[in-house]
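Everything below concerns the one structure shown next.
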Amino acid sequence: MKKVTVIAIVKNEPKNDVKRMIDTFFNQTYPIDEFILVSNKKYYDYRIKVIINDGDRGMKRNLAVKEARNNYILSTDTTIYPVNYVEEMMKGFENSEFVSGYTYTFGWTYFPFFIKNHYGSSRCLGFTKELWEKAGGYPENMNSAEDEAFNLRCKQFSKMYEVPHAICFWKLRDNFKELTKQFKSYGSNERHVNFSIKKRLTRLFLPLIIPIEIIKYCHLMIKTILIVRLTFWFNWIKGTKEKDEK
């Protein structure tokens, strides 16, 4: 069985969210060997190694990988992970030294919706320490989109394998002000990433997906209500007829 190190970086995250993440990874169907957390604040948990650092995200990720004692690395954050996540990601390493799961983005701001996407985000990314060294690690001067830049570096040496059944759930911010601030930060750093034309066009039209998903959800909700109501009326009429026959 391959030994794997899970790394995570947090900054001012609620302690309950951090604890939930750690508990999730110590209750996986595939046991992890090591968990390294890089945080700007002290966090006490006997099961993990904690590094205190308040630098940029790329620097934090590099610190965690440097400290890892295993060649197989899974990068995570306080996203929600199913109990078979590690097992599925480790299957991916049979195909490549560079693997990625899928993220279901969800939010409940005004409408509940789910968007399934594959970004190669560091919330659901796996790579070997050897590949990280060849790629030169994460760029340390970026506080967001550092995973996109790291992906492009790794793709020079290895093809990314998309693991079909490795999924996680990422919750958007609770209000549009915070959401706008979050994506503004992403955009300000992504301009430094050498995306392909296809990738840039995808980024440009990505916001259109949200209203489409809302429409899909509303359609599903209306369809469900109609089915429930029609079933009710059918059974009511059927019951009335049977009563009259008696």
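The values are calculated or read from the model by the stated rules, or taken from the named source; none is laboratory data. Computed from a predicted structure; not experimentally measured. So basically every Cβ, Gly included, is an ideal-geometry build from the backbone, and we count neighbours across all protein chains shown.
Please go through the range 139-167 and give me each residue that is in a strand (DSSP E or B) and surrounded by 21 or more Cβ atoms within 10 Å (Cβ to Cβ), ordered by number.
Taking the range 139-167 and keeping what is in a strand (DSSP E or B), we get 161-167.
Passing the criteria: Val163, Ala166.
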**OP:** Would you mind telling me which numbered condition in (1) crowded, with 17+ Cβ neighbours inside 10 Å; (2) of a type outside the set (Ser, Thr, Tyr); (3) out of contact with any helix residue (DSSP H, G or I) (no Cβ under 9 Å at 6 or more places or on another chain); (4) more than 20 Å from Phe93 (Cβ to Cβ) Ala64 fails?
**Re:** (4)
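Within the range 1-34, count every residue that is within 22 Å of Asn143 (Cα to Cα) and charged (D, E, K, R). It would help to see each step written out before you state the result.
As a first pass, look at the range 1-34 and keep what is within 22 Å of Asn143 (Cα to Cα): 6-15, 17-18, 21.
From the residues that got through so far, the ones that are charged (D, E, K, R) too are 11, 13, 15, 17.
Qualifying residue count for the region: 4.
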**OP:** Could you list, in sequence order, all residues of the range 87-124 that are at pLDDT 95 or above and either of a type outside the set (Gly, Ala, Ser) or not assigned by TED's automatic domain parsing to the domain that holds Ser75 (or both)?
**Re:** Glu87, Glu88, Met89, Met90, Lys91, Phe93, Glu94, Asn95, Glu97, Phe98, Val99
**OP:** Please determine, by comparing only the residues of the range 1-13 that are part of a loop (DSSP other than H, G, I, E, B) and under 18 Å from the mean Cα position of the chain (by Cα), which one is farthest from Lys129 (Cα to Cα).
**Re:** Glu13
Original post:
In the range 150-161, which residue that is of a type in the set (A, V, I, L, M, F, W, C) and under 17 Å from the mean Cα position of the chain (by Cα) is nearest to Arg123 (Cα to Cα)?
Top reply: Phe150
Subject >> Condition broken by Glu94, with the remaining ones in (1) touching a residue at least 40 places away in the same chain (Cβ under 8 Å); (2) under 20 Å from Ser158 (Cβ atoms); (3) in a loop (DSSP other than H, G, I, E, B); (4) not aliphatic (A, V, I, L, M) satisfied >> reply: (1)
Subject >> Residues located in the range 10-33, provided they are surrounded by 17 or more Cβ atoms within 10 Å (Cβ to Cβ) and free of Cβ contacts under 8 Å to residues at least 40 places away in the same chain >> reply: Ile22
Original post:
Before we move on, is Ile36 within 26 Å of Leu131 (Cα to Cα), without any contact (Cβ under 8 Å) to a residue 40 or more places away in the chain and buried (at least 20 other Cβ atoms within 10 Å of the Cβ)?
Top reply: yes
